[in-house]
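Enquirer: I am attaching a structure below and will ask some questions about it afterwards.
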Amino acid sequence: MDRTPPPFFKQGPSANLRLGVFSLLAVALLVVDSRIGALGTLRQGVATLLYPLQRTLLVPRDAAAIAGDYFGEVTRLRAENAELKRLETTNARTLLTAEQLAQENAQLRRLLRAREQTAVRSVVGEVLYEARDPFSRRLVIDKGSQQGVIAGQPVVDAQGLVGQVTRVFPLSAEVTVITDRNHSVPVQVARTGLRAVAYGGPAQGQVELRWLALNTDVKEGDELVTSGLDGIYPAGLPVGRVVGVDRTAPFARVRVQPMAGVDRSRMLLVLLVETNALPSPPPPDPVPEARRRARRED
C-alpha cells in the first residue's frame, strides 16, 4: 500500500528544512542588528504603523479604568457630602445651644442684678410652657409651694413687672401676665405721680389705662411704675411705657407697652411677699378713751 501524501500536499521543501533555514535567518538578523543596528529604522517604522492598532486595543481597558475611577469618586463624594451634612447639623445644634445658653446666662445676670436691687426675698423660676387657653395669657414656671411661692405674689424679670402668681402647685405655679384681659395692677405715672389702674389691653401684648379724664396729664413716653397701694406689688416696679393716648371718647384711653418681656423672657423672678398679711389696726388714742370712761362713771 502506498502511504505517500498526495501531490496536493507536496508544496516546497520539507518542514524541517524550512525550520532550519528560518532559524539561521533569525540568528543572522540578530547578529547583524546587534553589530551595526541596521534594523532600528525598520523597527521604528513598524512600531509607528502598529501604534493606532495598539491604542485601539487599549480603549476597552482605559474605558473600564475611567468608569471605575468615576464611580469610585462618586461614592467618595457622596460619603463626604453625608459626613459634611452631619457635621453641619451637629455644629448648628451646638451653635444654637451655645447661643441659647449665652442668652440665658445674660438674662440670669440681669435677674441677679435686679434681685440685688430688690429688698424683697425672691426665687428664680424658669418658664416651662405657656397655658393652652387661647383667651388668657398665662405661664407655668418650675417653682411652687415647696419653694415658698403662694398665690398673689408678683413676678418680674430684669426689665420690669411680668405678672402675678394665680395658681400654685407643689413643684410649679401658674403666672397670669399683665397683658391678660382679666389682670389689673395699680400704677403711677413716674413723671407726674398720677395714680391709675392698668388693665390687660385688647391689643396683643399691651396694657391700657381706662376711665381717665380727657385732660389727664399723660403723654407718649411716660413711664408707669407700680404704686404699691394694693399691698401686693412693691412700689416702684417698672410696668410699661405709654405708646398712645386716645382722647376722642368720653374718657381717655392710654395704651401702654410693657417694659418686661412678657412673651420673651424665660427666666423670671418671683417676689416672695406675704400677700395675705394685712396691716394691723392702730392702737386707740388714750386721751379720748379716758374721757369716755369718765363719762360712763358719771
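Enquirer: Mind checking which pairs have a first residue in the range 25-48 that is modelled with pLDDT under 75 and surrounded by 10 or more Cβ atoms within 10 Å (Cβ to Cβ) and a second that is assigned to a helix (DSSP H, G or I) and of a type in the set (Val, Ile, Thr), Cβ under 6 Å, 6 or more apart or different chains?
Expert: 38/32
Enquirer: Hey, can you tell me all the residues within the range 183-198 that are hydroxyl-bearing (Ser, Thr, Tyr) and under 34 Å from the mean Cα position of the chain (by Cα)?
Expert: 184
Enquirer: Select, from 236, 231, 205, the only residue that is surrounded by fewer than 21 Cβ atoms within 10 Å (Cβ to Cβ), assigned to a loop (DSSP other than H, G, I, E, B), touching a residue at least 12 places away in the same chain (Cβ under 8 Å) and touching a strand residue (DSSP E or B) at 6+ places or on another chain (Cβ under 8 Å). Show your work before the answer.
Expert: On the way: 236 fails: touching a residue at least 12 places away in the same chain (Cβ under 8 Å); 231 fails: touching a strand residue (DSSP E or B) at 6+ places or on another chain (Cβ under 8 Å).
Just one listed residue meets the conditions, 205.
Enquirer: A further question on this structure: Which strands (runs of 3 or more DSSP E) sit wholly inside the range 154-194 and have at least 2 residues that are at pLDDT below 90?
Expert: none
Enquirer: Just one of the numbered conditions (1) modelled with pLDDT of 90 or more; (2) under 38 Å from the mean Cα position of the chain (by Cα); (3) of a type outside the set (A, V, I, L, M, F, W, C) is not true of residue 201; which one?
Expert: Exception for residue 201: condition (1).
Enquirer: For residue 216, which of the numbered conditions (1) hydroxyl-bearing (Ser, Thr, Tyr); (2) buried (at least 17 other Cβ atoms within 10 Å of the Cβ); (3) within 23 Å of residue 137 (Cα to Cα) fails to hold?
Expert: (3)
The values are calculated or read from the model by the stated rules, or taken from the named source; none is laboratory data. The structure presented is a predicted model; accordingly, all values stated were derived computationally and were not measured. Here Cβ is always computed from backbone atoms with ideal geometry, including for glycine, and neighbour counts include all displayed protein chains.
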